[in-house]
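S.K.: I am attaching a structure below and will ask some questions about it afterwards.
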Amino acid sequence: MLNSGKTKTVIARRGLLLVMSSPSGAGKTTLSRALLAADQNIRMSVSVTTRPPRPGERDGKDYFFISKERFFEMRDNDEMLEWAEVFGNLYGTPRKAVEEALSQGRDVLFDIDWQGTQQLEQAMGDDLVRIFILPPSTDELRDRLIKRAQDSASVVAKRMAEASREMSHWAEYDYVIVNDDVAGASVEITAILTAERLRRKRRIGLTEFVRGLNKTL
């Protein structure tokens, strides 16, 4: 039985990059929001994009909406960890804010595709944890895209055609979750995050902590 009233031992650690990828409509955005609401120790990476805002999106919160000229300037100046073109629009992750968060022991969540994940692996592979989200069936995936009511029928058809190519990259990820329901998938994501935070390589304060223990023996 654990003793109550004792202060929890806190050991300094480096933050991690948690990537969640999926075909459009498989639920990664919903799962990302659920994780952010439940866990105060992780924040969303805010990407830059050249696409126009969707209804309800805010600049600086959902994305930084920038021109193509500014996007290419950031890319050419090595100000991005990754970038990709998706359905004719450009997306990228600013480098500075992410590196600062990791050094301060804060975790960063990414809602990006396999192209961006490959680039993140090249740039910061030691800090990366990759989760791929699969739908329970193609029929369910199509229904979710239709119910989302954000895209035209032609765009839904295009996203369904793209889903097969996106899902072909599942084996590049550390973990794969089938999103039958948000609650169950969220429990699995939380378990992954807890285990990854406890990895010895990320707990940079362990050496000092163990030395302190040895001095008291």
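S.K.: For a protection proxy built on the mean count of beta-carbon atoms within 10 angstrom, sort 176-183, 113-120, 44-51 highest first, please.
M.R.: 113-120, 44-51, 176-183
S.K.: Report the calculated FRET efficiency for ALA191 and LYS147 (r = Cβ-Cβ distance, R0 = 30 Å), to the nearest 0.05.
M.R.: With R0 = 30 Å, the Cβ-Cβ based efficiency is 0.60.
S.K.: Can you put PHE71, PHE110 in order of Cβ neighbours within 10 angstrom, beginning with the fewest?
M.R.: PHE71, PHE110
S.K.: For the chain, build the charge dipole from Cβ charges (+1 Lys, Arg; -1 Asp, Glu) around the Cα centre, then report which of GLY27, ILE204, ALA157 sits farthest towards its positive end.
M.R.: ILE204
S.K.: Select from region 1-96 those GluC sites (Glu not before Pro) which occupy a DSSP coil region and have at most 13 other Cβ atoms within 10 Å, ordered by residue number.
M.R.: Values: sites: GLU57, GLU69, GLU73, GLU79, GLU82, GLU85; in loops: GLU57, GLU79.
Passing sites in region 1-96 are GLU57.
S.K.: Taking all pairs of distinct Cα atoms, average 1/r, flip it, and tell me the Kirkwood hydrodynamic radius of region 148-217 in Å to one decimal place.
M.R.: It works out to 16.5 Å.
S.K.: Oh, and also: Tell me, what is a quarter of the convex hull surface for the C-alpha atoms of region 2-120, in nm² with one decimal?
M.R.: That works out to 9.6 nm², a quarter of the Cα hull's surface.
S.K.: Order 162-173, 9-20, 132-143 from most to least packed using the mean count of other Cβ atoms within 10 Å.
M.R.: 9-20, 132-143, 162-173
S.K.: Ok, one more. Just check region 17-205 against the gyration tensor rule for me: Cα atoms, a ≥ b ≥ c as the square roots of the eigenvalues, rounded for a/c under 1.5, and otherwise prolate or oblate depending on whether a/b exceeds b/c.
M.R.: Cα axes put region 17-205 in the oblate bin.
S.K.: In the chain, if the dipole is taken from +1 on Lys/Arg beta carbons and -1 on Asp/Glu beta carbons about the Cα centre, which of GLY184, ASN89, THR117 is farthest to the positive end?
M.R.: GLY184
S.K.: Moving to a separate point now. Based on DSSP H runs of at least 4 residues, each adding -39500 (n - 2.57), what is the mean residue ellipticity at 222 nm of the chain after dividing by all its residues, to the nearest 500 deg cm²/dmol?
M.R.: Roughly -13000 deg cm²/dmol at 222 nm, from the helical runs in the chain.
S.K.: For LEU36 and GLU73 in the same chain, what is the full-extension length gain: residue separation times 0.36 nm, less their Cα-Cα distance, in nm?
M.R.: 10.2 nm
A short reminder: the numbers here are calculations on the coordinates, not readings from a lab. No experiment lies behind these values; they were computed from the predicted model shown. Every residue, glycine as well, gets a Cβ built from its backbone with ideal geometry; the counts of neighbours run over all protein chains shown.
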